[in-house]
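Trainee: Here you go, one structure.
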Amino acid sequence: MAQSVTRKILEAHLVSGKLEPGQEIGLSVDQTLLQDATGTMACLEFEAMNIPQVRTKLSVVYVDHNMLQTGFENADDHRFLQTIAARHGMYFSRPGNGICHQVHMERFAVPGRVLLGADSHTPNAGCLAMLAIGAGGLEVAVAMGGGPFYIPMPKVVQVYLKGKLQPWVAAKDIALELLRRLTVKGGIGKVFEYSGPGVDSLTVPERATICNMGAELGATTSVFPSDEQTRLYMTRQKREHQWAPLAADPGAQYDGTIEIDLDKLEPLIACPSSPDNVVPVHQVAGTPVAQVAIGSCNNSSFHDLAVVAAVVKGKRVGPGVSLVVTPGSRQALQMATSYGFLMTFVQAGARILESACGPCIGMGQAPPSEGVSIRTFNRNFPGRSGTPNDRVYLCSPEVAAACALAGKIADPRELGAYPQIKEPEEFIIDDAMVLPPSKDGAQVQVLRGPNIKPLPAAQPPGQETRGRVLIKVGDNITTDHIMPAGASILPLRSNVPAISQHVFGRVDKEFVKRCQEWHGGVIVGGVNYGQGSSREHAALAPMYLGVRAVLVKSFARIHWANLINFAILPLTFVNEKDYDTLEQGDELEVLNLRQQVRQGRRVKVTNKTKGTTIETEHQMTERQVAIYLAGGLLNHVKQQASAAAPAS
């Protein structure tokens, strides 16, 4: 049978299940990726499994999120990650080496391999024909220990590109066009595989921009073929020996096809406050701009910086505009320095930030109140920037540069001829900031600061559960709503008791107080609950507060899995109209819980306050039911290890 790129990789890594849509499959994992916002907890989880060394071909820990050292917490976490990586066989990318997805693309991604990362933008590596999937830290820890990664077999959708991008139209506009058509939930349960003649002209960094933004569609992942563009990029990175061709067979079958004519695309922009609120730039041109931010794991490669430098060279940014530029990696920074881009940026009035996630996750550069912020980032969820009621727009570097000069939203096509960007024949290769693991890990002492607290243990559910509705929220609730990021909260990632005090803090400041007074309870939500970041703290912290179930219209994939892994029952309404009958404070009850969950997918929930019964579904597989009933994935793994251990 003629196969797609996706199916070829899945088949080569399949350890259980069938490659049929909706069926649970288990995959062997070649590489794992951790970063410091998710990595500390994932490493604590790996430690709890009592496995001496990671069992993947490659595991890397990056420091790129918690970079502001306004207290001891982040520095302590960095030291912890460095020592635990050395002890257990992981590579460690030091602070300053760059953003995980950019560095992984440059130095580690290999065509045809499976990468599992504790970050929702892990699909970035699909630019190099990897099947790269984001997951919760606990699932990544299990993969580090040699366990399979389980996922419902996704539908594989072909994105057929024809034509060629016109001047001032960028790869970012392809991603925004998909978001305009499909919305932030249009990719749930799907892999987007790119093909067609339009693919040939897209460089690897351009493909990375597209794959990275696939996370905003809710996609499982996105993938490009490995072709001459791939070989050229890896050659310039001095990794040609790791290159291999990988393409779909002629006549490969897909579960659907989306066609995009690149000749007809125009510059697009996502308006506040969702990545799918997309319009042509000219429709909002003239809107005054207070801030422009270029960088993040999206649009921070050499080419992106080169375009911006060419646009602003010899000019000044608008007097009311704060322009910040973030090179995505140490390599990108070195290249920008050698080509004179940094001097160009500084002369134009820009501020240069370190190679880190920074403003994208609210780590500095919060825009002014009521001020419009133009960003080349991937997310513009409300308040994510650090400013309440922010007005964040997402666009390409070309659009961002035009806005910076004009002091208002501007169509870059008005700038004249598109600059000619000459790609480097080779990149500066300097891996001194990547530390290999110790040759004798057992001798390495793991250093822990006082902010690193023990991992809270989930408890197996009882025969029945009762709890009041703690909060009722609407559609497209993100993990930023549930567990905010930002400079004041991110340093608490290794301290669940402390970070749990911020759950839903930007939505309802009384939420934590109700959890404490009502001894936990139930969360009720709408469609696509838990979209966005992979942060398992959005499940772990509610578990710590006593949340026992989440009842919604539908879930985003990663958050749904995280809830199960921490023994929170994820339920969906059979009849969505029942959502309207529930109110904050209603007391809900599930009797014979363990039996109901084992026997099928339907679970009856009684609203004792109103005397009604609600039909729900849990949608867990048999394996996930066992995880939930064991009290979460970590307990389940320990039980399996104990059962497999030889009798003494």
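The values are calculated or read from the model by the stated rules, or taken from the named source; none is laboratory data. Everything quoted here is computed from the prediction, not taken from an experiment. We place every Cβ from the backbone using ideal geometry, glycine too, and count neighbours over all the protein chains shown.
Trainee: Being over 18 Å from Leu128 (Cβ atoms) and among the aliphatic types (A, V, I, L, M), is that true of even one residue in the stretch 88-106?
Mentor: Checking the stretch 88-106: at least one residue is over 18 Å from Leu128 (Cβ atoms) and among the aliphatic types (A, V, I, L, M).
Trainee: From Val156, Val199, Val204, which residue is more than 24 Å from Thr376 (Cα to Cα) and of a type in the set (A, V, I, L, M, F, W, C)?
Mentor: Step by step, each of Val156, Val199, Val204 is checked, and only Val156 is more than 24 Å from Thr376 (Cα to Cα) and of a type in the set (A, V, I, L, M, F, W, C).
Trainee: Do any strands (runs of 3 or more DSSP E) lying entirely in the stretch 516-635 carry at least 2 residues that are out of contact with any Phe, Trp or Tyr (no Cβ under 9 Å at 6 or more places or on another chain) and among the aliphatic types (A, V, I, L, M), and which ones are they?
Mentor: 547-552, 587-590, 602-607
Trainee: Can you name every residue in the stretch 349-394 that is part of a loop (DSSP other than H, G, I, E, B) and closer than 12 Å to Gly295 by Cα?
Mentor: Leu353, Glu354, Ser355, Ala356, Cys357, Thr376, Phe377, Asn378
Trainee: Another question about this same structure. Would it be correct to say that Leu246 is closer than 30 Å to Leu19 by Cα and in contact (Cβ under 8 Å) with a residue 12 or more places away in the chain?
Mentor: For Leu246, the condition - closer than 30 Å to Leu19 by Cα and in contact (Cβ under 8 Å) with a residue 12 or more places away in the chain - is met.
Trainee: Filtering the stretch 44-61 down to residues that are touching a Gly at 6+ places or on another chain (Cβ under 8 Å) and in a strand (DSSP E or B), which residue is surrounded by the most Cβ atoms within 10 Å (Cβ to Cβ)?
Mentor: Restricting to residues being touching a Gly at 6+ places or on another chain (Cβ under 8 Å) and in a strand (DSSP E or B), the top hit is Val61.
Trainee: Another one. In the stretch 357-405, what residues are out of contact with any Leu (no Cβ under 9 Å at 6 or more places or on another chain) and of a type in the set (A, V, I, L, M, F, W, C)?
Mentor: Within the stretch 357-405, Cys357, Cys360, Ala366, Val372, Phe381, Val392, Cys403 meet the criteria.
Trainee: Among Glu576, Glu617, which is exposed (fewer than 14 other Cβ atoms within 10 Å of the Cβ) and either at pLDDT 95 or above or over 30 Å from Cys43 (Cα atoms) (or both)?
Mentor: Answer to the selection: Glu576.
Trainee: Is it true that Ile84 is touching a residue at least 24 places away in the same chain (Cβ under 8 Å) and either assigned to a strand (DSSP E or B) or among the polar types (S, T, N, Q) (or both)?
Mentor: Spelling it out, it is not the case that Ile84 is touching a residue at least 24 places away in the same chain (Cβ under 8 Å) and either assigned to a strand (DSSP E or B) or among the polar types (S, T, N, Q) (or both).
Trainee: Can we say Thr479 is in contact with a Ser or Thr (Cβ under 8 Å, 6 or more places away or on another chain) and either more than 29 Å from His282 (Cα to Cα) or surrounded by fewer than 21 Cβ atoms within 10 Å (Cβ to Cβ) (or both)?
Mentor: Judged against the criteria, Thr479 is a match.
Trainee: Restricting attention to the stretch 195-217, which residues are crowded, with 24+ Cβ neighbours inside 10 Å and either of a type in the set (S, T, N, Q) or out of contact with any helix residue (DSSP H, G or I) (no Cβ under 7 Å at 6 or more places or on another chain) (or both)?
Mentor: Thr209, Asn212
Trainee: Related question: What is the residue count in the stretch 81-108 for residues that are more than 24 Å from Ile361 (Cα to Cα) and either small (Gly, Ala, Ser) or not assigned by TED's automatic domain parsing to the domain that holds Met144 (or both)?
Mentor: Qualifying residue count, the stretch 81-108: 3.
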